[in-house]
Amino acid sequence: MTTGSPTPAYQTPAPPPAQPRRSRLRTFLPLGLAAWLVLEIWLLTVVAGATSGLVVLLLLAAGFVLGAVVIKRAGRRAFQNLNEALQRGTASSGRGGGNGLMMLGGLFLMIPGLASDVIGLLLLLPPVQKAASGYGERKLRAAAATPGTLGDAFQQARIHRPDGKVVQGEVIRDEQ
């Protein structure tokens, strides 16, 4: 049965929808984690071959215990600094910026592996903490200054109308 309109013999298929390109982080993070895991296992086997399995087990246990002590100590220090700042009525204490890096170092110590232990021990050194905090601050400032990123995330929500006008408002929910 025909409808009266001829159908073309060949129709071009519609192009597939464009998929967003994967970011570098999503591409290389799994590869980096796999390489890290292989490095940790290789180092453990090398050290176990040079000494014994008991020495490796003791090293891993000592790293875990030391990491737990470091995290507990840094957490207490951060809590004391916060209490002192609140009692003085200031927003920040001005010192104790390395507590987060000390906690990160303790976390790296608690992760089983020798390379992570070396990174954890390095993060406990004050010169490394100072360099890492300066680098992190610069990166956060650059990210906050870039439009469409972290800096825009905390702006007030606005509704953009088709005619270009911006309507500010708030949502009020009726609880019935």
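Let's see how each residue does on (1) modelled with pLDDT of 75 or more; (2) open to solvent by 70 Å² or more (accessible area, probe 1.4 Å):
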| site | (1), (2) |
| --- | --- |
| 86 | yes, yes |
| 93 | no, no |
| 118 | yes, yes |
| 141 | yes, yes |
| 151 | no, no |
| 154 | no, yes |
| 158 | no, yes |
| 165 | no, yes |
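Does residue 33 count as touching a residue at least 60 places away in the same chain (Cβ under 8 Å) and under 24 Å from the mean Cα position of the chain (by Cα)? When the stated conditions are applied, residue 33 does not pass them.
Okay, residues lined up against (1) of a type outside the set (S, T, N, Q); (2) modelled with pLDDT under 90; (3) surrounded by 12 or more Cβ atoms within 10 Å (Cβ to Cβ); (4) in contact with a Phe, Trp or Tyr (Cβ under 7 Å, 6 or more places away or on another chain):
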site	(1), (2), (3), (4)
42	yes, no, yes, no
49	yes, no, no, no
62	yes, no, yes, no
68	yes, no, yes, no
82	yes, yes, yes, no
97	yes, yes, yes, no
100	yes, yes, yes, no
110	yes, no, yes, yes
115	yes, no, yes, no
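Is it true that residue 22 is out of contact with any helix residue (DSSP H, G or I) (no Cβ under 6 Å at 6 or more places or on another chain) and not in a helix (DSSP H, G or I)? It is true that residue 22 is out of contact with any helix residue (DSSP H, G or I) (no Cβ under 6 Å at 6 or more places or on another chain) and not in a helix (DSSP H, G or I). Any idea which of (1) modelled with pLDDT of 75 or more; (2) of a type in the set (S, T, N, Q); (3) open to solvent by 100 Å² or more (accessible area, probe 1.4 Å) is the one residue 23 doesn't satisfy? Result: residue 23 passes all but (3).
The values are calculated or read from the model by the stated rules, or taken from the named source; none is laboratory data. What you are looking at is a predicted structure, and each value in this text was computed from that prediction instead of being measured. Neighbour counts run over all protein chains shown; Cβ positions are idealised from the backbone, glycine included. Just so you know, the surface numbers come from the protein's heavy atoms only, side chains and all, with ligands and any DNA or RNA stripped out. Shrake-Rupley method; radii C 1.70, N 1.55, O 1.52, S 1.80 Å.
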